[in-house]
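Participant: Sharing a structure, written as structure tokens. Questions coming.
Taken together, the values in this text are just the output of simple stated rules run on the coordinates, not laboratory data. For clarity, every value in this text was computed on a predicted model and none was experimentally measured. Neighbour counts run over all protein chains shown; Cβ positions are idealised from the backbone, glycine included.
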Amino acid sequence: MSIIEKAKENAFRAVNHELISMYWEIGKYISEKVKSNAWGKSVVNEFADFIQRKYLGIKGFSAQNIWRMKQFYETYKDNEKLSPLVREIPWTHNILIMMGTKSDEAREFYIISTQKNNYSKRELERQLDTMLFERTMISNKKNKPLIAKNNALSVLRDNYTLEFLAIPSEHKELELRKAIVSNLKDFILEFGKDFSFVGEEYKLQVGNTDFI
């Protein structure tokens, strides 16, 4: 990435962070007003009209979007883990995730996936429509990608069949390491040709990741 491209990306991230923070504060304000019975639907409509009259040409402040800001705030206000993460992705992506998921776990999955993979709006819609989260959880119930903080060896344990290592289900990490080394030939065959055996210290490498 060039210096200019990196600067532009950093600028976009900073602007997006402030935009989401502004929507958050507006959502909080509306939520508190509605909760206290001070505001209703008609007042929100008037508020939206006032903003658009005062700031000519401004976008994103329709009555519908303001109600979404309220929902956005109420969805994440009690979640200390997700409330900072939502500021790292665009507003349209946040709306898609908020409207298309039913649990905090699913929201976390799609937020982190969007941030990590730089999903476009269309790509995120596709992932939601094809139920990527549900399919991922069904296909691998033990290891939950992007959410579970497993180390490399625990990921290997969850994703591959290691019965040939002849170690008990309850085992120490050192036992697993020794079993892998002693059964290295079968181990490599189990994982496939993308793995390579490097050096005299028994280092198992996948791409740029060292597992032993």
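Participant: Going by how many other beta carbons lie within 10 Å of each one, how would you line up SER2, SER31, fewest first?
Facilitator: Going from sparsest to densest Cβ surroundings: SER2, SER31.
Participant: Could you list, in their original order, any pairs among LYS8/LYS41; LYS41/LYS102; LYS28/LYS116; LYS28/LYS54; LYS54/LYS102; LYS33/LYS59 whose Cα atoms are separated by more than 31 Å?
Facilitator: Listed pairs above 31 Å: LYS8/LYS41; LYS54/LYS102.
Participant: Order these by the 10 Å Cβ neighbour count, fewest first: MET69, MET131, MET98.
Facilitator: Ranked by crowding around the Cβ, least crowded first: MET131, MET98, MET69.
Participant: So, R0 is 30 Å and r is the distance between the beta-carbons of ASN118 and SER36; what FRET efficiency does that work out to, to 0.05?
Facilitator: That gives a FRET efficiency of 0.15.
Participant: I've got another one for you. Loop-only GluC sites (Glu not before Pro) in region 1-88, please: DSSP not H, G, I, E or B, and at most 11 other Cβ atoms within 10 Å.
Facilitator: GLU80
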